[in-house]
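Here, each number is a calculation from the coordinates, and none is a lab measurement. Being a predicted model, the structure only gives us computed values, none of them experimental. Here the Cβ positions follow ideal geometry from the backbone for every residue, glycine too, while neighbour counts run over all protein chains shown.
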Amino acid sequence: MGIALAGALVLGELVERAGEPIILGEILVGVILGVHVLGIVDPSGTFAVLAAIGSMLLLFDAGYEEIDLGDLERGGVPVAIIALFGAGLPAIIGVAIGLAFGYSLAASGILAITMGVTSIGITARVFLDLDRLDTRYGLHVIGAAVTAEIGGLIAFSLLLTTQQAGASAGQYVRIFGLIAVFFLGIIVVQRFLIERVSRVLARFQQPGADLLGIMGVLFLFGYAADAAGLDVIVGGLITGLIVGSERRFRDVEIRGGIVGIAYGVFIPLFFVNVGAQMDPSVLFQFDLLVIAVVTAGVFAKISGSYLSAWIVGHPSDEALIVGVGMLPRAGVELVVVTGALAEGIIDQRLFSAVLALVLVSVLSTPPLLKRAINRMDR
């Protein structure tokens, strides 16, 4: 942790002075310290727990401070269209690439899922650093990324079930049932419980009572999201949205108690952990499959998201921001391909191709997104 944080501080400062987003330095530190280079950071051990906390805090801060729940709900149709095109077009191309290279329909489906989903954490961090998350295009990107991530995880669970011998209808019902219960619980908490929790905490005399209570809710929602087959990062965002929608919690300004420890420790560790999972050697494998997956994965994601943003009324400059903002793949994608490799659905060659796409998209999104926003400002 000490080496990772010191490295994130130094390299983050260097890339910031070079005019690039700080997150790029944190990810590069992870690549250097990860298991494929120096081997100091093990992204599958205790470090992964710290990174998960960082991901929840990052999206909690985004939901609490920058995103209005009402605005997000009103953007439902545009968000759905952007998610459909931004995930659908790369997914269709992913199936086509897999089948063209002789892979089974199941393996091609894994490629489709990894090409379709978006890593919400990377884009959210860049938007937060540039103070653009509360814009219309920022809300649409976050909403579409969450939608694509949930859809991808559901599709992966269904695909794994189809690969099991004697899979029953009850298993499919269970997948959808858990997710339905999770979102039903969100509605219940938001409408009937969060205000009562706020009133109870208001009577506490100990310092930091609000922060303690909200962090407890945050971790419970993270656990619930994970138990439902989603990602803890989804639980973090939803907690921030719910807490931010309650009037008293907005007035007490709990963010001050979170920002220091979150952005000073856990959030940088999250991005270091993202980089630590990357194998830079895959970029030097001149394999036609790797080239096809990376090239198609980048251009299909940007073009599909750009087209859908333009359809829902964004001008061309904003549509480009939406396209680039939907580009990165990191968390869910790595979970999907690692699980698929362990189950024998994909081989090492396809695994390496997806890792190359993850590496290129993660490293290219922060600088490209910053340039797209600067271009619109000019």
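Before moving on, here are some points about what is shown:
- Structural descriptor for the chain: relative contact order 31 percent, calculated from alpha carbon pairs under 8 angstrom and at least 6 residues apart.
- Region 252-378: C-alpha gyration tensor shape, a/c 1.5 cut-off, then a/b vs b/c: oblate
- Once the C-beta distance of ASP68 and TYR172 is scaled by a Förster radius of 30 Å, the resulting FRET efficiency is 0.25 to the nearest 0.05.
- Each label point was placed 7 Å from the Cα along the Cα-to-Cβ direction; for ALA6 and ARG371 their separation is 3.4 nm.
- Total charge dipole magnitude, the chain, about the Cα centre, Cβ charges on Lys, Arg, Asp, Glu only, Debye to nearest 20: 460 debye
- The stretch between THR161 and VAL77, if pulled fully straight at 0.36 nm per residue, gains 27.2 nm over its current Cα-Cα span.
- Rg then Dmax, both in Å and based on the Cα atoms of the chain: 20.1, 66.
- Principal-axis tilt of helix 136-162 within the chain, Cα atoms, nearest 10 degrees: 60 degrees
- Extension gain, LEU38-ALA96: 0.36 nm per intervening residue step, less the Cα-Cα distance, totals 17.2 nm.
- With both labels modelled 7 Å from their Cα along Cα-to-Cβ, the ALA180 to LEU14 distance reads 5.3 nm.
- Distance from the C-alpha centroid of region 135-207 to that of region 1-53: 29 Å, rounded to the whole angstrom.
- With Cα atoms, 0 to 90° folded angle of helix 2-17 axis to the chain main axis: 80 degrees
- Prolate/oblate/rounded label for region 222-322 (Cα gyration tensor, a/c 1.5): oblate
- Here the sum of -39500 (n - 2.57) over DSSP H runs of 4 or more residues, divided by the residues of the chain, equals -24500 deg cm²/dmol at 222 nm, to the nearest 500.
- Charge dipole (region 2-369, unit charges on Cβ, about Cα centre) - positive-most of PRO268, VAL336, LEU128: VAL336
- Rounded to 10°, Cα long-axis angle of helix 267-276 versus longest principal axis of the chain: 10 degrees
- Judged by the mean number of other Cβ atoms found within 10 Å, the most tightly packed of the peptides 178-186, 140-148, 33-41 leads the ranking 140-148, 33-41, 178-186.
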